[in-house]
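Written below as structure tokens is the structure these notes are about.
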There are 2 protein chains.
Amino acid sequence: MWIEISRELLIKAVKKVSKAVPANSPVAALSGIKLTARHNGLTLSATNLHVTIHNEIPADTQCLTVHRTGSVVVPAKYMSSIISKCPAEQVTLRLEKQFMLGILSGSITYRLCGMNPDEFPHTEELDNGRSVHLPSVVLQQTIRQVAFAVSTSETRPILTGVSCESDERGHLRFLATDGVRLAMNVIPTAQQRGLDWPDIIIPAQHLQDLSHLLHELDEMIEVCISERQIVFKTRYMSLHSSLISGNYPNVGNLIPASCATELVLPAKSLLAAIERVSLLASDEQIIHMQLACDNLVLTSQTAEIGDVYEEVAFLSLTGEPLNISFNAKLMRDILRGADCDHMTLKFTGSLKPILLHPTGRDSPQYILSPIRTSV
Amino acid sequence: MWIEISRELLIKAVKKVSKAVPANSPVAALSGIKLTARHNGLTLSATNLHVTIHNEIPADTQCLTVHRTGSVVVPAKYMSSIISKCPAEQVTLRLEKQFMLGILSGSITYRLCGMNPDEFPHTEELDNGRSVHLPSVVLQQTIRQVAFAVSTSETRPILTGVSCESDERGHLRFLATDGVRLAMNVIPTAQQRGLDWPDIIIPAQHLQDLSHLLHELDEMIEVCISERQIVFKTRYMSLHSSLISGNYPNVGNLIPASCATELVLPAKSLLAAIERVSLLASDEQIIHMQLACDNLVLTSQTAEIGDVYEEVAFLSLTGEPLNISFNAKLMRDILRGADCDHMTLKFTGSLKPILLHPTGRDSPQYILSPIRTSV
């Protein structure tokens, strides 16, 4: 292996695949990035066995010249810090004997001890043909709107994943819940009818990794699935993720059918008010909302610290007066995740879940359970 | 107490005095900021008993109106987060019964439980008349050039401070060392002859706090001292620091008298080369420098990771060839602290301290002890 490559391009590619490098692993090869130089380009790969990322840089006279093909695994941590400090705009990578990689740039020469590429796990390819195509922007937005709502506790591993199911219209429903809040988004695919798509649960962390990879990308993503894994493919990148096995709980009955009080207001102003009021909320982040016909008030208090009272402006408030308490942090997550101008909040009662969605749209949809308080 | 004040101005003042608030203190009043409203202005004060900061905001129709004088101590953490979130540009602070402070801004009203100002420690004033005046820019530069070199270990508390002594010309010498490296700067005062100034040791952390306070300030600082404390006064701020008692070690004999090899080069390019080469230095951060008549080479290596070799460009290199090893982190600190274009490095031998100073100037001066290696 002997290549010349643009430093800028190599930095970006190393950064992308590094998301899959495990922080600690008993398998030495997993702490590395596999470099494979072929005549048509350079491929970088990293995996923690649960998620695998490949990134390809096509050969081209400006950015990448492949003088000699070959492959090596280099320690990700050192590779990343060396490349980012290289003094020249071009970097030469040259494999010497015993997997020693020479890294030359300007006046400096590094020799980095690499590992045998045969020790790097092989990536299983899916060729069962079950796939859909989704615009990268839609996929990224869905991840942002839904994935935050998963559980962070490992007591129920299924809830750390995002459920993805298809319906008879050929739509995909992404759903996440931790038992207190729920986030859901339905997106259409190019198919007009039922897909050959099993019910799957995708680890939320891998979707977050995917979201980072898709940043600033605007192309169609091919999404392929099997029983055990899902693969997201762009033109030059692919992310292979394991799936969480088990049956996702049925959450259809959680969505309130009726609505006693409806509130519409700018999402940003509610978010800002909740941020201000939660400063004096107790450690449990409980804040109280009082809805009356012409008045919306948020309050919170902590013993021996103080209390706070804010009147919040709104666009419309209809229905029964109501007092309700909820966790400020969970509400902030929803308002940030929804990423919309105006939000509709629907209340059924003080102890009934709050239903939220962007005003005028059905999706994404959120549910937040209230907190029972003595106030 | 009842005042109206610009939110921006209050945020800045709270941030400044917060440097003196201890992270944890058994004395409740110390976790607070004392607010004192007089007809001519508002004073904010904070202390951890070792360092005390006062900041005054003068009354003025635009930024501060004092409706009623008074004083209260408010919890620094809550005050700071509340003020930074206030929605309007003006904030009203109004003391209610039992040290409850109302904070009103736009549509929000906070009530924060304060403490009795009588429980806040009294600041001792110095009026022995022993003082000098220094430009804030010179004082800030000296702190940056010297204070980093103190010891971070508490085994010899004296070395965690910066020694400050006067000489017969009326100059002040600031010096810091941790036993391996030494930094020294001499600055003139307005006095032409000996000052009535005892040898003192100032805690480096307090000088760093002072440096933050002086940021973007360009005025003369009055520096007053007594046996037990030093006070730095600007027009609207003052920082009172305790002193470290004891005798600072005599370091005059550490400065090499002769020089066998002299190297002159741009400080930035040496710093960048050391940063690159130290990427493959072992945990002890040892790097090696080879000086020959027409060649300057830096190398380092770590077993099982790799090695690195860089030829560094220089302006002049005279004297004997020499190989020397040193701690890369300590050298980087010196090159950053010196804050100059060109640096002169003087070597006496492989096992003798390296003397460094900005080319063409005597001050600041640095000494770095080499490391004995088997390479």
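The values are calculated or read from the model by the stated rules, or taken from the named source; none is laboratory data. Because the structure is predicted, anything quoted here is derived from the model rather than measured. Counting neighbours? That spans all protein chains shown, and the Cβs are built from the backbone with ideal geometry, glycine included. Surface areas here come from the heavy atoms of the whole protein model, side chains and all, with no ligands, DNA or RNA. Shrake-Rupley method; radii C 1.70, N 1.55, O 1.52, S 1.80 Å.
Annotations
- Residue check for B:Thr344: part of a strand (DSSP E or B) and open to solvent by less than 10 Å² (accessible area, probe 1.4 Å): yes
- Scanning region A:154-172 for residues that are within 17 Å of the chain's Cα centre (by Cα) and among the small types (Gly, Ala, Ser) turns up A:Gly161, A:Ser163.
- Filter result for B:Asp196 (acidic (Asp, Glu) and within 14 Å of another protein chain (Cβ to nearest Cβ)): no
- In summary, A:Pro256 fulfils each of the numbered conditions (1) closer than 30 Å to A:Ala292 by Cα; (2) open to solvent by 40 Å² or more (accessible area, probe 1.4 Å); (3) modelled with pLDDT under 95 with the single exception of condition (2).
- Test for A:Asn327: is it open to solvent by 30 Å² or more (accessible area, probe 1.4 Å), in contact (Cβ under 8 Å) with a residue 40 or more places away in the chain and not assigned by TED's automatic domain parsing to the domain that holds A:Ser363: no
- A:Val74 being aliphatic (A, V, I, L, M), open to solvent by less than 50 Å² (accessible area, probe 1.4 Å), closer than 21 Å to A:Ser31 by Cβ and out of contact with any helix residue (DSSP H, G or I) (no Cβ under 7 Å at 6 or more places or on another chain): yes
- Selection within region A:275-289 - assigned to a strand (DSSP E or B) and either more than 14 Å from chain B (Cβ to nearest Cβ) or among the small types (Gly, Ala, Ser) (or both): A:Ile286, A:His288, A:Met289
The rows are residues; the columns are (1) of a type in the set (Lys, Arg); (2) more than 30 Å from A:Ala37 (Cβ to Cβ); (3) touching a helix residue (DSSP H, G or I) at 6+ places or on another chain (Cβ under 7 Å).
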| position | (1), (2), (3) |
| --- | --- |
| A:Gly70 | no, no, no |
| A:Leu95 | no, no, no |
| A:Asp118 | no, no, no |
| A:Thr142 | no, yes, no |
| A:Ala147 | no, yes, yes |
| A:Ser163 | no, yes, no |
| A:Ser166 | no, yes, no |
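- Condition met for B:Leu270 (within 14 Å of another protein chain (Cβ to nearest Cβ) and without any contact (Cβ under 8 Å) to a residue 40 or more places away in the chain): no
- Qualifying positions in region B:158-170 - touching a Leu at 6+ places or on another chain (Cβ under 9 Å) and buried (at least 16 other Cβ atoms within 10 Å of the Cβ): B:Gly161, B:Val162, B:Ser163, B:Cys164, B:Glu165, B:Ser166, B:Gly170
- Scanning region A:275-287 for residues that are open to solvent by 10 Å² or more (accessible area, probe 1.4 Å) and free of Cβ contacts under 8 Å to residues at least 40 places away in the same chain yields a count of 4.
- Of residues in region A:279-295 being among the aliphatic types (A, V, I, L, M) and touching a strand residue (DSSP E or B) at 6+ places or on another chain (Cβ under 6 Å), the one farthest from A:Gln365 (Cα to Cα): A:Leu280
- Selection status of B:Thr302, within 13 Å of another protein chain (Cβ to nearest Cβ) and either open to solvent by 60 Å² or more (accessible area, probe 1.4 Å) or not aliphatic (A, V, I, L, M) (or both): yes
- Within region B:305-317, the set of residues being surrounded by fewer than 14 Cβ atoms within 10 Å (Cβ to Cβ) and either within 14 Å of chain A (Cβ to nearest Cβ) or out of contact with any Asp or Glu (no Cβ under 9 Å at 6 or more places or on another chain) (or both) comprises B:Ala313, B:Leu315.
- Residues in region B:225-257 that are within 21 Å of B:Ser18 (Cα to Cα) and either aromatic (Phe, Trp, Tyr) or part of a loop (DSSP other than H, G, I, E, B) (or both): B:Phe232, B:Thr234, B:Arg235, B:Tyr236, B:Leu243.
- Just one of (1) out of contact with any strand residue (DSSP E or B) (no Cβ under 9 Å at 6 or more places or on another chain); (2) in contact (Cβ under 8 Å) with a residue 40 or more places away in the chain fails for A:Ala257. It is (2).
- Residues in region A:109-141 that are in contact with a Leu (Cβ under 9 Å, 6 or more places away or on another chain) and free of Cβ contacts under 8 Å to residues at least 60 places away in the same chain were compared, and the one that is surrounded by the fewest Cβ atoms within 10 Å (Cβ to Cβ) is A:Cys113.
- Residue identified as part of a helix (DSSP H, G or I), farther than 21 Å from B:Asp362 by Cα and not assigned by TED's automatic domain parsing to the domain that holds B:Arg336 among B:Leu195, B:Leu213, B:Leu217: B:Leu213
- The criterion of at least 3 residues that are at the interface with another protein chain (Cβ under 10 Å from one of its Cβ atoms) and touching an Asp or Glu at 6+ places or on another chain (Cβ under 7 Å) is met by the following strands (runs of 3 or more DSSP E) wholly inside region B:45-117: B:108-113.
- Test: residue in region B:329-336 that is away from chain A (no Cβ under 14 Å) and either in a strand (DSSP E or B) or among the acidic types (Asp, Glu) (or both): yes
- Only a single criterion out of (1) assigned to a strand (DSSP E or B); (2) surrounded by fewer than 21 Cβ atoms within 10 Å (Cβ to Cβ); (3) within 19 Å of the chain's Cα centre (by Cα) is not satisfied by A:Tyr366, namely (2).
- Selection count where residues are in contact with a Pro (Cβ under 7 Å, 6 or more places away or on another chain) and open to solvent by less than 20 Å² (accessible area, probe 1.4 Å), scope region B:188-224: 0
- Those residues of region B:231-242 which are without any contact (Cβ under 8 Å) to a residue 60 or more places away in the chain and surrounded by 15 or more Cβ atoms within 10 Å (Cβ to Cβ), in sequence order: B:Lys233
- Failed criterion for A:Lys15 (all others in (1) under 17 Å from A:His212 (Cα atoms); (2) touching a Cys at 6+ places or on another chain (Cβ under 9 Å) hold): (2)
- Which numbered condition B:Ala272 fails, given (1) open to solvent by 20 Å² or more (accessible area, probe 1.4 Å); (2) among the small types (Gly, Ala, Ser); (3) assigned to a strand (DSSP E or B): (3)
- Subset of region B:142-152 that is of a type outside the set (A, V, I, L, M, F, W, C) and open to solvent by less than 30 Å² (accessible area, probe 1.4 Å) - its residue that is nearest to the other protein chains (Cβ to nearest Cβ): B:Gln145
- Annotation: A:Arg276 fulfils all but one of (1) closer than 30 Å to A:Gln229 by Cβ; (2) in contact with a strand residue (DSSP E or B) (Cβ under 7 Å, 6 or more places away or on another chain); the unmet one is (1).
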